[in-house]
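The values are calculated or read from the model by the stated rules, or taken from the named source; none is laboratory data. Bear in mind that the values here come from a model prediction, so they are computed numbers and not experimental data. Glycine gets a Cβ as well: all are built from the backbone with ideal geometry, and neighbour counts include every protein chain shown. These area figures cover heavy atoms from the full protein model, side chains too; ligands, DNA and RNA do not enter into them. Shrake-Rupley method; radii C 1.70, N 1.55, O 1.52, S 1.80 Å.
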Amino acid sequence: MARKIRVKEPLKVNGIEVRDIEVLRENFDIDALIEYAFNGKLAKWLRERYYDEEADEIDALDKDDPDLEDKIYEIFDVEPPLSEEEIAWREERLAKLKEFTSDEEILAKVDNVAFDQEDLSDLLDDEVDEIYLCNGRFLIPLKVEDKTYIGIGDSVAEIRSTTPIDFEALNIHFKDIRFNSAYQKIAIQVDDGEPAESLFNRGLAAEKAGDFADARNCFERAALKQHKEAVIRLANIYAEGKGMKPNLEKAFKWFLKAAENGDKASMNKVAAMYEKGQGVKKDIEKALRWYRESAKINTVVEAPKPQPQVEEVKAAPVAPPPPPPPVEEPKSHGVHHNEITIEGNSARVTTKVINKTGVHSHPAYNFVQTAGKFKSKIQILAKGRKCDGKSILMVMSLGLAYDTEMTIVAEGPDAAAAVETLRDLVDDGFGEE
């Protein structure tokens, strides 16, 4: 028996004949639907397709209801469009979020991001289950269960408790977030009791074997027990992307902890990341502060051991020995001219700081500005350290005082010209009188 053909009148929305509720949602026009709702066509259209529940809700609508539009959006499970103010507010938050992450998946969830405690309370009131905490300190209410908190940038979850919390029992989860230091010490009590040094050594073995997931786990557990070397190892794993994509946000978090523990190399890393805006919002003042902190930690040079005193013995005068034969200088693979050594596409020269005030901000600025005119990579070697000659903060971090010896190294197509120009700048006292 042939199926009887029934003709069902479609709705016309935005010039499209709509015969399916999904097509209606895709071409939603609130003004057209309000008109259809009160001329009876919308309820009829729904009932013909057995959407009786939705049809009953449409029939129950009041034309004078101030929330009429919102109720229609809710009936069809369609998100209402944002107002101009809401769009501007959202764009502002999105721009702020992009300072800390470029992850498209996170950017798409900007409405679930808390930038401060007030944002967090709003999201909790809206019963959002997965909340992103962006670069700040947030008090976590333990009475609100069944939540997942995900950190962006340097985020701290403040837990106010004098005893370890069983977060699993509360169904509260944390990802990429560190606890406040007071709770960190308390949380260690729920650890399995393995000493930090043992965890660190297991992490080293796992890293050597290429099992970076296990290495990260061991290093992080050791780091939470205040193992300083584990903190540095963990930071480098995230920065270098061992066994995963590099995660500069996490790398910064652990480098900062290592810097706060007094590690000089980590201080320079933190300063550079602040300077370039890598894994953290760009902040030149904080970069300069960490470079200065690093410069305060000087390499300790062991004092020469005192020679044993030998009682002076008078002896008969002895004729001076004949002068030693001239020693032939070893041949260099490079070409020397004007005290500059050139080898292939690299060049170097050693000179001294002659201006009495040393390399403070003005000389450092002149040096970096001059270095920036050349294509070659330029570095300064001084006081047992090496820095980028095109970064004013790095140059200042060396603390080059009067009479300090410094070596200028350039590598690239114009290396010789760069070294010669920069040497002349130093020898001229950076243009200072």
Checking rank on 425-431, 388-394, with mean other Cβ inside 10 Å and highest first, the result is 388-394, 425-431
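Rounded to the nearest whole Å², what accessible area per residue is found for the chain with the 1.4 Å probe? Can you show the working numbers first?
Numbers: 26710 Å² over 433 residues.
Dividing the accessible area of the chain by its residue count gives 62 Å².
Of the cross-linked pairs Lys96/Lys143; Lys8/Lys44; Lys269/Lys390; Lys175/Lys264; Lys286/Lys373; Lys296/Lys383, which ones have a Cα-Cα span greater than 18 Å in the structure shown?
Working: Lys96/Lys143 30 Å; Lys8/Lys44 10 Å; Lys269/Lys390 16 Å; Lys175/Lys264 28 Å; Lys286/Lys373 27 Å; Lys296/Lys383 12 Å.
Violating the 18 Å Cα-Cα cut-off are Lys96/Lys143; Lys175/Lys264; Lys286/Lys373.
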Any chance you could give the angle, 0 to 90 degrees and rounded to 10, that helix 248-260 forms with the longest Cα principal axis of the chain? 50
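For Glu86, Glu54, give me the order by solvent-accessible area with a 1.4 Å probe, most accessible first, ignoring ligands, DNA and RNA. Working shown, then result.
Numbers: Glu86 85, Glu54 40 Å².
Ranked from most to least accessible, the order is Glu86, Glu54.
Where the only charges are on Cβ atoms (+1 Lys, Arg; -1 Asp, Glu), what is the dipole of the chain about its Cα centre, to the nearest 20 debye?
Charge dipole, the chain, about its Cα centre: 2840 debye, nearest 20.
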Partner aspartates and glutamates for Lys282 [C-alpha distance under 17 Å; skip if fewer than 8 residues away on the same chain]: Glu99, Asp154, Glu249
Against the longest principal axis of the chain, how steep is helix 84-97, in degrees 0 to 90 to the nearest 10, with axes from Cα atoms? 30
Give me the percent relative contact order of segment 201-289, please, defined on Cα pairs under 8 angstrom at least 6 residues apart. 17
If you work out Rg/Rh (Cα atoms, Kirkwood Rh) from the coordinates, which of (1) 1.03; (2) 0.98; (3) 1.20 do you get? (3)
Over segment 232-301, with every protein chain in place, what whole percent of the accessible area is carbon and sulfur at 1.4 Å, could you tell me? 49
Put +1 on the Cβ of each Lys and Arg and -1 on the Cβ of each Asp and Glu in the chain; which of Val409, Leu393, Ile58 then has its Cα farthest toward the positive end of the dipole? Val409
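Based on DSSP H runs of at least 4 residues, each adding -39500 (n - 2.57), what is the mean residue ellipticity at 222 nm of the chain after dividing by all its residues, to the nearest 500 deg cm²/dmol? If you can, show how the numbers build up before the last one.
Values: 19 runs with 185 residues, N = 433.
Roughly -12500 deg cm²/dmol at 222 nm, from the helical runs in the chain.
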At 1.4 Å probe size, with the rest of the protein present, what percent of the exposed accessible area of segment 118-192 is carbon and sulfur atoms? 44
Using Cα atoms only, what is the angle between the long axis of helix 415-427 and the major principal axis of the chain, expressed in degrees (0 to 90) to the nearest 10? 70
Order Thr162, Thr421, Thr404, most accessible first, counting only protein heavy atoms with a 1.4 angstrom probe. Thr162, Thr421, Thr404
Contact order normalised by residue count of segment 164-232, Cα under 8 Å, 6+ apart, percent: 28
Largest to smallest principal axis extent of the C-alpha atoms in segment 31-128, angstrom: 51, 27, 24
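Percent relative contact order of the chain, based on C-alpha pairs within less than 8 angstrom and at least six residues apart?
Numbers: 607 pairs, mean separation 31.6, N = 433.
Reported relative contact order: 7 percent.
Quickly rank 406-419, 105-118 as a protection proxy: mean count of other C-beta atoms within 10 Å, highest first.
Numbers: 406-419: 20.1, 105-118: 14.8.
Top of the packing list down: 406-419, 105-118.
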